[in-house]
Amino acid sequence: MRFLALEKITILAITAFFYSGVVSAQQGEINISKDPKLDKLLTYQKEINQETDNDKRFKIQIFNGNLKNAERSKSKFESVYSDISVTIKFETPNYKVWVGDFRTSLEADRYLLEVRETFPNAFIFSPLKKKQK
């Protein structure tokens, strides 16, 4: 009985081998057409994202205190990490050193791991902007 099964498999394999030369794939062209309004819509979406995304950005605060130490922290940060922006903000009664402008909290978390080696008290936050009437 096993011999018959082996014989059937062999015949099937030989038949498949000979018919595989006859089989061919289809050749063709793909034409993609898009509506010209799509480019206008994408441009409009980019403008909206630039205007509203800033409210949803994340920053890292590396210092909070007096102006002299804030300037020291800023220059120390710039000497170690030259690839990202640093700003000093005044919020009564302290000066704060803010780093970066990250789109996602994951991106900020990854950068925070590097920054904490030099500034162990650094943390992530999302600044709230006052809405103008």
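The values are calculated or read from the model by the stated rules, or taken from the named source; none is laboratory data. These numbers were taken from a predicted model, which means no experiment stands behind them. In this analysis, Cβ positions are derived from the backbone assuming ideal geometry, glycine residues included, and neighbour counts consider all displayed protein chains.
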Discussion item. For the range 25-133, give me every one of the strands (runs of 3 or more DSSP E) that falls completely inside it and has 3 or more residues that are at pLDDT 85 or above and out of contact with any Phe, Trp or Tyr (no Cβ under 7 Å at 6 or more places or on another chain).
Written reply: 94-102
Worksheet item: If you go through the range 89-118 one residue at a time, how many are of a type in the set (A, V, I, L, M) and under 10 Å from I62 (Cα atoms)?
Response: 4
Worksheet, complete the sentence: Only one of (1) surrounded by 11 or more Cβ atoms within 10 Å (Cβ to Cβ); (2) of a type outside the set (A, V, I, L, M); (3) over 19 Å from N64 (Cα atoms) does not apply to N94, and that is (3)
